[in-house]
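Okay, so here's the structure we're looking at.
The values are calculated or read from the model by the stated rules, or taken from the named source; none is laboratory data. Note that the coordinates shown come from a computational prediction; the quantities given were computed from them, not determined experimentally. Here the Cβ positions follow ideal geometry from the backbone for every residue, glycine too, while neighbour counts run over all protein chains shown.
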Amino acid sequence: MSSADRRLFYLLLVATAILNLIDMAITLHGNAWFGTAGEANPLMAYLLLCPVLFVAYKLIAPVIYIAIALIVARKYFKMAFWATAAIVAVYFLIVAWNVVDWIRAEMILRGIG
């Protein structure tokens, strides 16, 4: 593993945290407008019944993942790298979906769409 690979791995870990925070903010915004009916993930819909639990989970889960990924990367760098890349890709798709859904909902509420 080169130093460029390590830097990219660290960047992916940061992207995991940032995308998770963006997802949390968009989900909380959607929950304020539509309640838990707008949440496709049943676990998150349940946690949204108590927003404090939802926020705690969304803040703690990526920290735990990042810690585990850093530990695993010491011995199995490629596995940790590709697992993190996959998580970033999935989170990116989730955030993109949520942003499009948010824009669509705003257009409907304003009578544009």
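In summary, Trp102 fulfils each of the numbered conditions (1) touching a helix residue (DSSP H, G or I) at 6+ places or on another chain (Cβ under 7 Å); (2) surrounded by 13 or more Cβ atoms within 10 Å (Cβ to Cβ); (3) of a type outside the set (Lys, Arg); (4) at pLDDT 90 or above with the single exception of condition (4).
Residue pairs whose Cβ atoms lie under 9 Å apart, separated by 6 or more positions or on different chains, with the first residue in region 72-91 and over 13 Å from Thr16 (Cα atoms) and of a type in the set (D, E, K, R) and the second in a helix (DSSP H, G or I) and at pLDDT 95 or above, are Arg74/Ala80. Of the helices (runs of 4 or more DSSP H) that lie entirely inside region 1-88, those containing 2 or more residues that are surrounded by 15 or more Cβ atoms within 10 Å (Cβ to Cβ), of a type outside the set (Ser, Thr, Tyr) and modelled with pLDDT of 95 or more span 3-34, 51-75.
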